[in-house]
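The values are calculated or read from the model by the stated rules, or taken from the named source; none is laboratory data. Not measured: the values here are computed from a predicted model. All Cβ positions, even for glycine, are placed from backbone atoms using ideal geometry, and neighbour counts span all protein chains on display.
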Amino acid sequence: MLGVKFKEILDSLFLKELVSGMAITLRYMFKPKITIQYPEERTPTSPRFRGVHVLRKYEDGEERCVACKLCEAICPAQAIYIEIDETSRAEKRLTKVYDIDLFKCIYCGLCEEACPVEAIVMGPYLDVAFENREDRFYHKDKMLTNGDKWKPVVDARLQADAKYR
Amino acid sequence: MTEFLQPIHAFGNDTFGVLWPVVWNLACIMIVVGPMLGAVAYLTYVERRVIAFMHVRVGPNRVGPIGLLQPIADAVKLMFKETLIPIHSRPMIFLIGPILTMGPALLAWAVIPFQPEMVIADLNIGVLYVLAISSIGAYGVLMGGWASNTRYSLLGGIRSSAQMISYEVSMGFTIIPVVMLSGSLNLSTIVEAQKNMWFVIPLFPMFVVYFISVVAETNRAPFDLPEAESELVSGFMTEYSALTYGMFFLGEYANMILVSALGSVLFLGGWLPPIAALDFIPGILWLAIKMSFLLFVFLWIRATFPRYRYDQLMRLGWKVFLPLSLFWIFVTGSAIHLLNLL
Ligand code: SF4
Ligand code: SF4
C-alpha cells in the first residue's frame, strides 16, 4: 500500500507520464505519413460513388439524351433545367439547353435512376470548387466533354453496378 | 572578435565622428532584430511541419519547395486584411496592446550574449533587465482585453495576465539558484561560470521548472488558455484582426525564441560547447543549436499534451512550482555554504 503510494509520488516527481507521452509523439514523427495529396492523389471510391454528372454518348458519338425531361421531373432539388431543341426531328429529339445547378443538386442520383437511356450518369469525381458563382452551372457541352473524358471510368462504374439494377 | 571590429570602429569614427556610437548601436540592433523577425516567421513554418509530422500528416508543402514560402504567403495575407477597430473602444490603447506584446520580446535581446563580446549591451544587471522587460508583455494582454470594449475580452485579458504574472514568479525564482551559483547578474558572466559544468546538471529540477514556467508564460500549449480558440474564442484577442492579431502571435513566437535563448544561456552554457574539444565551432552556433533544441521541445510539447484547465494551471504555478523553486534555492544555498563553493 505504502509502496504503491510512494511509487505514484516518484512517478509524478519524475514526470514519468509526460515523458512517455512525449516518447510516443517523437516516435510517430518518423512514421510514414498517411496524408493524401488531394488533387493529385485520391482515395478509392465505390462504383456507386455519386460525383458530378456527366452526359454520355453512344459509341458512334451520337448524344444519348432524348430530351424526355424525366430527370428534370424527378429531381427533388429542381436542379436540372432542360429546353428542347425545336429544330430536332421527332425520331431523335435533342436538348438545346441542359443545365444542372450544382449548388442545388444534392447528389441523390435520382436523375440517373430516372433516365431511360442512361444518358445522365453520376461521374466519378466530386471536384466542385469554383472561382466564379456562374461556374456552378454545368452546361450541356461541359457534361458531354466530361463524359468523353471520363468514359472509361464511367463505363466501368456502370458495368460494376449493372447486375443490381 | 576585437581584432575584427577594430577596423570597422576606426572607419566609423572617421566617417560619422561623434555620432558613431549611435550608428553602431543602431546597426547592431538591426543585425539582431532582422534575423529575429525572419526566425519568428520561419518558426511558424517549422511548428506546423513538426506538429504535422508528429500527427502523421505532412503539413504545409504547397507554397514553394517543401512549403518554404508559406510564412511569406501568410504574412502577405495578414497584411492585406483589414484591421478592424471595434466601436466605443479606445483605439490608441487597442493598437498599443499588440505592440506591447511584441516589443519587449525584441527589446530583451539587447542583453543576450551570442558569443564572448557579441552582445549589444553588456549590462551588469542583465538578468534583472530581462525579467523587467519581459513582464511588460502582460500589460499588452491586459490593455488589449480592456480596450476591446467587450466583457469577454476583458475577462480573457485578466485571466491571461493572471497566468503570465503567476508563472513569471516561479520563473524568477528558478533563475535565483543560477545567480547564486555564478555570483553575477551579468549574462555573459553567467555563461563563463558554466565553463566546468553547465548549470543544468546541478539544477536540473530548476531547469524543468523554468522550462514549464516559460511554456506557460509564453501562452503556449498546453497552457494556451489565453487563446483557447475552441472554448473561449481567442479570449482577450477576440476583437483583433489582421496585422494586430498577427502581432500578438509574432510576440508569442518572439517570446518563445527569447526564452529559449535565455534558457540556453542560464542553464545550458550559452555559447560553450559541451566538451572543450569542440571549441572550433563558433559559439554562436552552439547557442543556436541549444535554442533550436529548446524550441523543438516547445513544439513537441504542443503536439503531445491536451490543454490544462485554468484552476489546474494556477495550482501548478502557486502550489507546486513556487514551493519547489523556493526549496531548491534553500538547497543551493546550503550546498554553496557547506561546500564553500564561492
Ligand atoms: S442528383 Fe438528384 S438533385 Fe442532383 S440533379 Fe440528379 S436528381 Fe437532381
Ligand atoms: S438525361 Fe435522360 S432522363 Fe434526362 S432528359 Fe435526357 S434522356 Fe431524359
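Every residue, every condition in (1) assigned to a loop (DSSP other than H, G, I, E, B); (2) more than 11 Å from ligand 1 (Cβ to nearest atom); (3) touching a Cys at 6+ places or on another chain (Cβ under 8 Å), yes or no:
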| site | (1), (2), (3) |
| --- | --- |
| A:Cys71 | no, no, yes |
| A:Pro76 | yes, no, yes |
| A:Glu86 | yes, yes, no |
| A:Glu91 | yes, yes, no |
| A:Lys96 | no, yes, no |
| A:Asp99 | no, no, no |
| A:Phe103 | yes, no, no |
| A:Cys111 | no, no, yes |
Return yes or no: is B:Arg315 at pLDDT below 90 and away from chain A (no Cβ under 14 Å)? no
Could you go through segment B:129-136 and let me know if any residue there is out of contact with any Lys or Arg (no Cβ under 6 Å at 6 or more places or on another chain) and either within 14 Å of B:Met247 (Cα to Cα) or acidic (Asp, Glu) (or both). no
Going by the structure shown, is B:Met291 in contact (Cβ under 8 Å) with a residue 12 or more places away in the chain and under 26 Å from A:Met22 (Cα atoms)?
yes
When segment B:174-213 is checked residue by residue, the ones that are assigned to a helix (DSSP H, G or I) and under 23 Å from B:Ile301 (Cα atoms) are B:Thr174, B:Ile175, B:Phe204, B:Pro205, B:Met206, B:Phe207, B:Val208, B:Val209, B:Tyr210, B:Phe211, B:Ile212, B:Ser213
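Within segment A:41-56, does at least one residue satisfy the condition of being within 14 Å of chain B (Cβ to nearest Cβ) and either surrounded by fewer than 17 Cβ atoms within 10 Å (Cβ to Cβ) or over 27 Å from A:Arg133 (Cβ atoms) (or both)?
Yes.
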Condition set part of a loop (DSSP other than H, G, I, E, B) and over 30 Å from A:Tyr138 (Cα atoms), scope segment A:7-40, selection farthest from the other protein chains (Cβ to nearest Cβ): answer is A:Phe14
Looking across segment A:49-69 at residues that are under 19 Å from the mean Cα position of the chain (by Cα) and within 13 Å of ligand 1 (Cβ to nearest atom), the single one that is farthest from A:Gly109 (Cα to Cα) is A:Leu55
Taking segment B:36-58 and keeping residues within 14 Å of chain A (Cβ to nearest Cβ) and either in a helix (DSSP H, G or I) or not β-branched (Val, Ile, Thr) (or both) leaves B:Val46, B:Glu47, B:Arg48, B:Arg49, B:Val50, B:Ile51, B:Ala52, B:Phe53, B:Met54, B:His55, B:Arg57
The residue that is farthest from the chain's Cα centre (by Cα), considering only those in segment B:199-225 that are modelled with pLDDT of 85 or more and aromatic (Phe, Trp, Tyr), is B:Phe204
Over segment A:105-126, the set of residues among the aliphatic types (A, V, I, L, M) and either within 6 Å of ligand 2 (Cβ to nearest atom) or free of Cβ contacts under 8 Å to residues at least 24 places away in the same chain (or both) is A:Ala114, A:Val117, A:Ala119, A:Ile120
Residue set A:Pro124, A:Pro116; condition away from chain B (no Cβ under 14 Å), away from ligand 1 (no atom under 14 Å from the Cβ) and within 15 Å of the chain's Cα centre (by Cα); output residue A:Pro124
